[in-house]
Amino acid sequence: MNKPIIIIVLFAFFAGLYPSDVIAAPNKTRASKIDVYGGATFDPQGTFEAKTDYHLSEVDGLLYFIWHQKGTGGTFEQYKPANIYVSIAKSGKWIVRGKKIYTYQDLYEDPEFIYIDNNIMLSDKTGIHQIKILTNGNIKEQKIIEAGDYTSYSFREVYTNNSYGFMINQINDSAYKVYLAKDLFSKPTIINNSNEYLEFPGNGHFVYLNENMNQLYLFDRYSGVSFYDIKADDMVYDKNGDIKKVPSIIEPSLMLNSKFVAISNTGFRVYDQNLKKISEDVYKTGYADWGVDARTLTPTEYHIWTIGDYKHTKKLTLEIFKR
């Protein structure tokens, strides 16, 4: 599996406190804007809805835009199945638009999804599956774990220095299993959590596994970062006995080359594995935090994406900022 260029997490936020020894770059304006990305709608059938779940990422020179059209409620006779669609672009042109790639018809037990790059991790009553979206929009589905009674709140994405994956636990079992994309079908990493001290953040979903330090970094967009020591089987505490928090970064948008990249309406900041800010570019983007739908990163550019109306359907707008 190719090493992904970008890992994206939507709805990222910034901290308000920054180290004083970091000098920001001069205030800049955007480099360029593409109002209708690809020259046309990404959704020619009009399946994208206001409350649609979606995921956007750039991987190996391709843009993948995935959205999830939920099924309708009502009686069994009225029920319509849920569908997942993808559009793929290369060099700014759509090569796949609005292709339906997956359908499920379970009326009462909707599966859980995690979107990572061009992969969908799906948890349902039959087990956990990897749905890999290929460059032509076709999919390759593989079952990773057999059926089990899993808790949906514990099914979450995990990132490491050079990979990504997910963690899961079963009902009545405090231990978590971590499966990474580089070896999904190998023996998982076990986090015992024998005393059930592991506390996931209430306002964030970004979890980073520092394999060198055997720690989980747990990002909360309001209270900062807390840490779980895997060997000690406990949270990390400060000198007062409280759970240690690092407030200098709230939740990153992306990871690239083992660094955390946080993006907001005011600019772009890069942090090392010790959560120390190592660079900052300040831009006048003109957006409030909630006005940006997705953020991605290439080796030379920051990308900010918004979804807007286009005729009777939707479009993507791209704003490009040089790094």
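The values are calculated or read from the model by the stated rules, or taken from the named source; none is laboratory data. Keep in mind it's a predicted model, so treat the numbers as computed, not measured. Note that we place each Cβ from the backbone using ideal geometry, even for glycine, and neighbour counts take in every protein chain shown. Remember, those area values only see protein heavy atoms, side chains included, never the ligands or the DNA or RNA. Shrake-Rupley method; radii C 1.70, N 1.55, O 1.52, S 1.80 Å.
Summary table
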item	result
Residue that is modelled with the lowest pLDDT, among those in region 181-212 that are assigned to a loop (DSSP other than H, G, I, E, B) and among the hydroxyl-bearing types (Ser, Thr, Tyr)	186
Residue within region 83-106 that is open to solvent by 60 Å² or more (accessible area, probe 1.4 Å) and at pLDDT below 85 present	yes
Every pair of residues 6+ apart whose Cβ atoms lie under 6 Å, when the first sits in region 126-137 and is surrounded by fewer than 18 Cβ atoms within 10 Å (Cβ to Cβ) while the second is among the polar types (S, T, N, Q)	132/119
Residue match in region 242-260 (condition: at pLDDT 80 or above, more than 30 Å from residue 304 (Cβ to Cβ) and part of a loop (DSSP other than H, G, I, E, B))	yes
The lone exception for residue 177 - which of (1) at pLDDT 85 or above; (2) part of a loop (DSSP other than H, G, I, E, B); (3) touching a strand residue (DSSP E or B) at 6+ places or on another chain (Cβ under 8 Å); (4) open to solvent by 50 Å² or more (accessible area, probe 1.4 Å) it fails	(2)
Residue list for region 274-300, filter: surrounded by 15 or more Cβ atoms within 10 Å (Cβ to Cβ) and at pLDDT 80 or above	275, 277, 279, 280, 281, 293, 294, 295, 296, 297
Candidate set: region 146-174, residues that are open to solvent by less than 60 Å² (accessible area, probe 1.4 Å) and more than 30 Å from residue 257 (Cβ to Cβ); chosen: the one modelled with the lowest pLDDT	151
Test for residue 182: is it open to solvent by 40 Å² or more (accessible area, probe 1.4 Å), in contact (Cβ under 8 Å) with a residue 40 or more places away in the chain and among the charged types (D, E, K, R)	yes
Failed criterion for residue 307 (all others in (1) open to solvent by less than 20 Å² (accessible area, probe 1.4 Å); (2) in contact with a Leu (Cβ under 8 Å, 6 or more places away or on another chain); (3) modelled with pLDDT of 90 or more hold)	(1)
Meets criteria (in a loop (DSSP other than H, G, I, E, B) and either at pLDDT 85 or above or touching a Phe, Trp or Tyr at 6+ places or on another chain (Cβ under 8 Å) (or both)) for residue 75	no
